[in-house]
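**Q** Before we start, here is the structure in question, set down as structure tokens.
The values are calculated or read from the model by the stated rules, or taken from the named source; none is laboratory data. It should be emphasised that the depicted structure is a prediction, and the values quoted were computed from it without experimental measurement. Every residue, glycine as well, gets a Cβ built from its backbone with ideal geometry; the counts of neighbours run over all protein chains shown. The accessibility values were calculated without ligands, DNA or RNA, using every heavy atom of the protein model including side chains. Shrake-Rupley method; radii C 1.70, N 1.55, O 1.52, S 1.80 Å.
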Amino acid sequence: MTPGVFEYHRPNKVEDVLALLAEFGDDGKVLAGGHSLVPMMKLRLAEPAHIIDINAIASLRGIREEEGMIVIGAATTQAEIMGSDLLNEKCRILPDAAALIADPQVRNCGTIGGNCANGDPGNDDPAIMLALNASYTLQNQAGQRQIAAREFYEAVYTTALAEDELLTEIHVPAPAKGTGMSYQKIKRKVGDYAIAAAAVTLSMSAGQCTDAAVALTNVGDTALLSLEAAEAIKGSAVDARAIDRAADAAMADCEPVEDMRGTVEYRTAMVGEMTRRAIAEALSRVAGS
Amino acid sequence: MPSKKISLTINGEAVEADVEARMLLIHFLREQLNITGPHIGCETSHCGACTVDLDGKSVKACTIFAVQADGGELLTVEGLANGAELHPLQEGFFQCHGLQCSFCTPGMLTRAYRLLQDNPNPSDEEIRMGLSGNLCRCTGYQNIVKAVRYAADKINQAEGAN
Ligand SMILES: Cc1cc2nc3c(=O)[nH]c(=O)nc-3n(C[C@H](O)[C@H](O)[C@H](O)COP(=O)(O)OP(=O)(O)OC[C@H]3O[C@@H](n4cnc5c(N)ncnc54)[C@H](O)[C@@H]3O)c2cc1C
Ligand code: FES
Ligand code: FES
């Protein structure tokens, strides 16, 4: 299983990546962790003529907080996400989810930017970015733009990322006090993609839910934001009835296909169950409630 | 064929070689250098038989290119023993029956080596999660967990004695 022939580039600066992307267009591919791209290349489902390895660029790694934003470098690995004190304290849904992605070896290589840019509906981070209302910094030689994750995903392996663009940063609004969050994923075995998974964030004030978001993994062409599920809990005390209504709404919104991970009915039911569990856990994590 | 010169350290020895960009690290080790400890099980990034330690991290050598290891420090199962003296993990697998056919063992050992470097006293649960990227098709994981526990205890005792 050897990939096709390509030329390997390992630039040290973002500008050099952008120049190579501009030069090669469709023939060039960014290599981050390589744990989606290399398997595709081995199967010859991807045969880029040029590989642009971004692992030598220190500025693309790291996690910091600035002006109410948590800023994550695109080439930060899942292992680094799991080990981040900042994220574990302020945005634990990301390290929690990272622990549910693949296995230790894969997490040592796989990056959060690769997970978000890949466009595979099986990836776990996109739904979380939808729930967190994160945005992505995309750069090309002409400049940079900031695009909401909620506008990024178009279809299977189709995103708003242009051929000459590099995802450099992920911006997550630092969750306000009184916010709880949870990612619940059911899979066949450790290391597998989701049968179904739900990401939930919710904010409580005086016993009432003031804001909420619910997003789903691997039950549609892209990660799905379920606005109806969020509406079902907003304004409520997030009691059992509201949670059931949200689960029903998420099940109505999802569009799973039958595959080796289960039938449509089963996966739909699991969307409901993961939504219920994620809401309950997010609620239990609202500080002081 | 575009090829690149790479230099790296493998089990403490400096190595220089010309590699084709598309050559996977596992093929470079096994076919070009005849370092056949790391195995090819699935070749699809799942089984962990190809696990090696690159710059202090466990990675699957079937899913990275040899050119990516340029400048790196690599450890394979061949580098674990100290001369004729087995590494405590190797001794643990031997004592606790942590292998049958041994196909998965080089990957298990290199992965467990890094796990104990990162977490010298793991719980059984942490051992299981730590080895979750390594599949064994015959032993059953019970004895593998015991073997890692054995090694952790032995290493910790030796360090306590110092
Ligand atoms: C055994 C196994 C199990 C797995 N299980 C899961 C799982 O349960 N959940 C899950 O979410 N994932 C899973 N994965 C996939 C893994 O998380 C990948 O690491 C991830 O999907 C891609 O990230 P990467 O850094 O490896 O990207 P790469 O493979 O390097 O790249 C993926 C794609 O994104 C592009 N890209 C990468 N970075 C950028 C960037 N900064 N800017 C622009 N484009 C970019 C590449 O050009 C490529 O098209 C699994 C993988 C394996 C091998
Ligand atoms: S051979 Fe590399 S993971 Fe199986
Ligand atoms: S001992 Fe045979 S596969 Fe593990």
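**Q** Return the residue satisfying two criteria in turn: it lies in the stretch A:163-174 and is open to solvent by 40 Å² or more (accessible area, probe 1.4 Å) and more than 15 Å from the chain's Cα centre (by Cα), and of such residues it is nearest to A:A215 (Cα to Cα).
**A** It comes out as A:E163.
**Q** If you go through the stretch A:72-111 one residue at a time, how many are among the small types (G, A, S), outside any helix (DSSP H, G or I) and either farther than 22 Å from B:G107 by Cβ or touching a residue at least 24 places away in the same chain (Cβ under 8 Å) (or both)?
**A** Final tally of qualifying residues: 6.
**Q** Please work out which residue is nearest to ligand 1 (Cβ to nearest atom), limiting yourself to the stretch B:36-77 and to residues that are open to solvent by 30 Å² or more (accessible area, probe 1.4 Å) and β-branched (V, I, T).
**A** Selected residue: B:T44.
**Q** Now, a different point. Out of (1) open to solvent by less than 50 Å² (accessible area, probe 1.4 Å); (2) among the aromatic types (F, W, Y); (3) closer than 16 Å to A:V190 by Cα, what's the single condition that is false for B:Y141?
**A** It fails just one condition, (1).
**Q** Looking only at the stretch B:9-27, count every residue that is touching a residue at least 40 places away in the same chain (Cβ under 8 Å) and under 26 Å from B:F103 (Cα atoms) and tell me the total.
**A** Of the residues in that region, 8 qualify.
**Q** Could I ask something else about it? Kindly indicate which of A:I243, A:I233 is aliphatic (A, V, I, L, M) and either under 28 Å from A:I70 (Cα atoms) or in the same structural domain as A:E154 (by TED's automatic domain parsing) (or both).
**A** A:I233
**Q** Looking at the stretch B:127-162, which of its residues are farther than 19 Å from B:P106 by Cβ and within 14 Å of chain A (Cβ to nearest Cβ)?
**A** Correct list: B:R128, B:M129.
**Q** Only one of these is touching a strand residue (DSSP E or B) at 6+ places or on another chain (Cβ under 8 Å), more than 14 Å from every other protein chain (Cβ to nearest Cβ) and modelled with pLDDT of 95 or more: A:C116, A:C109. Name it.
**A** A:C116
**Q** Exactly one of these conditions fails for A:G34: (1) assigned by TED's automatic domain parsing to the domain that holds A:E163; (2) touching a helix residue (DSSP H, G or I) at 6+ places or on another chain (Cβ under 8 Å). Give me its number.
**A** For A:G34, the failing item is (1).
**Q** In addition: Might you check whether a residue that is away from chain A (no Cβ under 14 Å) and among the polar types (S, T, N, Q) occurs anywhere in the stretch B:36-50?
**A** yes
**Q** Here are some residues: A:E7, A:E65. Which one is farther than 30 Å from A:I195 by Cβ and either out of contact with any Lys or Arg (no Cβ under 8 Å at 6 or more places or on another chain) or of a type in the set (S, T, N, Q) (or both)?
**A** A:E7
**Q** B:N82 fails exactly one of the following numbered conditions: (1) more than 9 Å from every other protein chain (Cβ to nearest Cβ); (2) open to solvent by less than 80 Å² (accessible area, probe 1.4 Å); (3) out of contact with any helix residue (DSSP H, G or I) (no Cβ under 6 Å at 6 or more places or on another chain). What is the number of that condition?
**A** (2)
**Q** Within the stretch A:9-43, track down each residue that is outside any helix (DSSP H, G or I), open to solvent by 40 Å² or more (accessible area, probe 1.4 Å) and more than 11 Å from chain B (Cβ to nearest Cβ).
**A** A:N12, A:K13, A:K29, A:V30
**Q** Residue check: is A:I63 open to solvent by less than 20 Å² (accessible area, probe 1.4 Å), in contact with a strand residue (DSSP E or B) (Cβ under 9 Å, 6 or more places away or on another chain) and modelled with pLDDT of 95 or more?
**A** For A:I63, the condition - open to solvent by less than 20 Å² (accessible area, probe 1.4 Å), in contact with a strand residue (DSSP E or B) (Cβ under 9 Å, 6 or more places away or on another chain) and modelled with pLDDT of 95 or more - is not met.
**Q** May I ask you to list the residues in the stretch A:236-260 that are open to solvent by 30 Å² or more (accessible area, probe 1.4 Å) and under 24 Å from the mean Cα position of the chain (by Cα)?
**A** Scanning the stretch A:236-260 gives A:D248, A:M251, A:A252, A:D253, A:E255, A:V257, A:E258, A:D259, A:M260.
**Q** I would also like to ask the following. Against the condition surrounded by 23 or more Cβ atoms within 10 Å (Cβ to Cβ) and in a strand (DSSP E or B), how does A:L216 come out, does it pass?
**A** When the stated conditions are applied, A:L216 passes them.
**Q** Moving on to the next point. Give the residue, chosen from A:E165, A:E154, that is closer than 21 Å to A:A19 by Cα, acidic (D, E) and in the same structural domain as A:I81 (by TED's automatic domain parsing).
**A** After ruling out the rest, the residue left standing is A:E165.
**Q** Here is a follow-up. Quick check on this structure: which one of A:P104, A:P126, A:P121 is within 14 Å of another protein chain (Cβ to nearest Cβ), surrounded by 22 or more Cβ atoms within 10 Å (Cβ to Cβ) and more than 8 Å from ligand 1 (Cβ to nearest atom)?
**A** Every option except A:P104 fails the conditions.
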